[in-house]
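Comments concern the structure below.
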Protein chains: 2
Amino acid sequence: MWMAELSARSGFSVPTIKYYLREGLLPAGEATGATRAAYDDSHVRRLRLIRALTEVAGLRLETVRQVLHGIDHAGSWHEAVGSAHTRLGASADDDPPPTQASLARVDGMLARQRWQLEPGHPQAVQLARALDALDGVGHPVSDRLLDLYAAAMRPIAAHEVLSVLEIADTDVEASVEAAVVGTLLQEPLLLGIRRIAQENVSRRLEEESAGR
Amino acid sequence: MWMAELSARSGFSVPTIKYYLREGLLPAGEATGATRAAYDDSHVRRLRLIRALTEVAGLRLETVRQVLHGIDHAGSWHEAVGSAHTRLGASADDDPPPTQASLARVDGMLARQRWQLEPGHPQAVQLARALDALDGVGHPVSDRLLDLYAAAMRPIAAHEVLSVLEIADTDVEASVEAAVVGTLLQEPLLLGIRRIAQENVSRRLEEESAGR
């Protein structure tokens with residue numbers, strides 16, 4: 001397809017698409033002349049992914065570039081997903097390092113769950129920082145809560161990983177995209193459902209106490 | 001305590017505390033003269049909550065004001081938490097309304113879980129919008145995933161609500177604060193643990209497939 005059709009199908013303006021081409025976020029089309037290039041479905045899909053990462057997940061363009069680079073240069077599906085996850089979890093360099101106490105609590109949770117993570121993995125650092133933030137506002141959480149969260153996330157993660165892995169047999173890139181998009185864009189679902197569940201627990205408790 | 005001690009104990013500068021007093025985010029101290037007022041632990045706690053909501057949860061001051069108003073004017077604990085949750089979930093007025101199809105899917109999930117939510121509740125609207133966002137990027141999720149999320153959030157919500165309710169017998173305000181802070185600031189924990197779980201599922205699947 002030509003640029004005009006790519007624009008129509010992706011919903012991006014021609015200048016924006018040209019900007020992504022110049023920035024290397026979108027691979028060049030197949031040159032069919034001095035000033036013309038042909039694009040295909042992979043370009044439409046890549047633009048959809050860029051839209052998801054920028055507009056819906058709210059990532060900065062530099063982070064989007066790193067996520068796309070991870071997808072494009074991975075040796076295996078696990079590596080591609082891992083690389084994307086690592087970059088999604090990376091925080092700004094000027095964030096303060098987490099306390100040793102919180103890092104040790106994260107290690108403890110990993111050991112109890114028999115989960116592995118390379119030492120200094122960004123996800124472990126992020127988690128330790130989140131524990132520090134709760135300590136800092138005087139609302140520390142228990143190890144029991146961490147274990148409850150881990151137990152709850154186990155079947156969810158298995159379902160999520162298996163469903164994107166199903167696509168991998170036919171289309172590795174689409175599968176990694178689904179993993180990255182799923183990780184990010186399904187977060188609001190999980191959090192929204194948690195709040196609705198909390199509201200219903202709270203309502204039931206109040207009804208029970210009113211009925212007493 | 002005087003203003004200087006309130007500043008030292010809360011970590012906020014005197015001008016910032018005076019700003020929150022003028023804006024009505026912080027209740028006035030007890031006047032002890034024409035220009036002096038005495039503050040107590042409730043002021044320290046309120047300032048800690050403001051810090052948590054602004055700096056850690058990233059809420060705008062106007063939203064913080066609404067959350068605090070909900071806490072201060074609630075008739076019951078359930079109402080206070082519900083009011084805070086509702087405001088936390090409220091999105092900008094200029095966000096487009098969700099599709100009827102997604103609202104119907106949210107209603108379906110609520111019915112299957114025997115959960116109740118007032119019609120048009122912001123949490124239901126937010127959830128429907130999140131479904132629309134996933135549809136829009138070509139990654140729709142199944143009702144089965146929603147049910148999996150709901151099943152996973154059930155024990156978590158029960159544990160979370162019961163642990164903040166324990167405080168309510170002695171200090172209602174602290175309990176509502178703990179509910180709001182817990183809802184917001186524990187989100188990064190849950191999401192971080194989900195990513196670590198995904199990474200471990202993915203790693204185990206790769207090891208199994210390499211071992212074949």
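The values are calculated or read from the model by the stated rules, or taken from the named source; none is laboratory data. Everything quoted here is computed from the prediction, not taken from an experiment. Note that we place each Cβ from the backbone using ideal geometry, even for glycine, and neighbour counts take in every protein chain shown. Surface accessibility is based on the protein's heavy atoms, side chains included, excluding ligands, DNA and RNA. Shrake-Rupley method; radii C 1.70, N 1.55, O 1.52, S 1.80 Å.
Would you mind stating whether A:A37 is modelled with pLDDT under 95, farther than 26 Å from A:L185 by Cβ and open to solvent by less than 40 Å² (accessible area, probe 1.4 Å)? Here the answer is yes, as A:A37 does meet what is asked. Of all the residues in region B:7-55, those that are outside any helix (DSSP H, G or I), within 25 Å of the chain's Cα centre (by Cα) and either charged (D, E, K, R) or away from every other protein chain (no Cβ under 14 Å) (or both) number 5. Taken over region A:40-54, the criterion of being in contact with a Gly (Cβ under 7 Å, 6 or more places away or on another chain) and loosely packed, with under 15 Cβ neighbours inside 10 Å is satisfied by no residue. Between B:A174, B:A158, B:A179, which is farther than 16 Å from A:P188 by Cα, in contact (Cβ under 8 Å) with a residue 40 or more places away in the chain and surrounded by fewer than 19 Cβ atoms within 10 Å (Cβ to Cβ)? The unique qualifying residue is B:A174.
Find the residue count for region A:185-212, including only residues that are more than 8 Å from chain B (Cβ to nearest Cβ) and either surrounded by 23 or more Cβ atoms within 10 Å (Cβ to Cβ) or not in a helix (DSSP H, G or I) (or both).
1
Go through the residues of region A:120-139 one by one and say whether even a single one is over 21 Å from the mean Cα position of the chain (by Cα) and touching a residue at least 24 places away in the same chain (Cβ under 8 Å). Yes, some residue in region A:120-139 is over 21 Å from the mean Cα position of the chain (by Cα) and touching a residue at least 24 places away in the same chain (Cβ under 8 Å).
Within region B:12-28, being touching a residue at least 24 places away in the same chain (Cβ under 8 Å) and open to solvent by less than 50 Å² (accessible area, probe 1.4 Å) holds for B:F12, B:I17, B:Y20, B:L25, B:L26. In this structure, does A:L110 turn out to be facing another protein chain (nearest Cβ under 7 Å), open to solvent by less than 40 Å² (accessible area, probe 1.4 Å) and without any contact (Cβ under 8 Å) to a residue 60 or more places away in the chain? So A:L110 does not fit the description; no. Restricting attention to region B:56-105, the residues being in a loop (DSSP other than H, G, I, E, B), modelled with pLDDT of 70 or more and open to solvent by 80 Å² or more (accessible area, probe 1.4 Å) number 4. Checking the condition more than 7 Å from chain A (Cβ to nearest Cβ) and closer than 30 Å to A:V161 by Cβ, which residue from B:A179, B:A151 passes? After ruling out the rest, the residue left standing is B:A151. What are the residues in region B:126-149 that are farther than 27 Å from A:F12 by Cα and crowded, with 21+ Cβ neighbours inside 10 Å, if any? B:L146, B:Y149 - these are the residues of region B:126-149 that are farther than 27 Å from A:F12 by Cα and crowded, with 21+ Cβ neighbours inside 10 Å.
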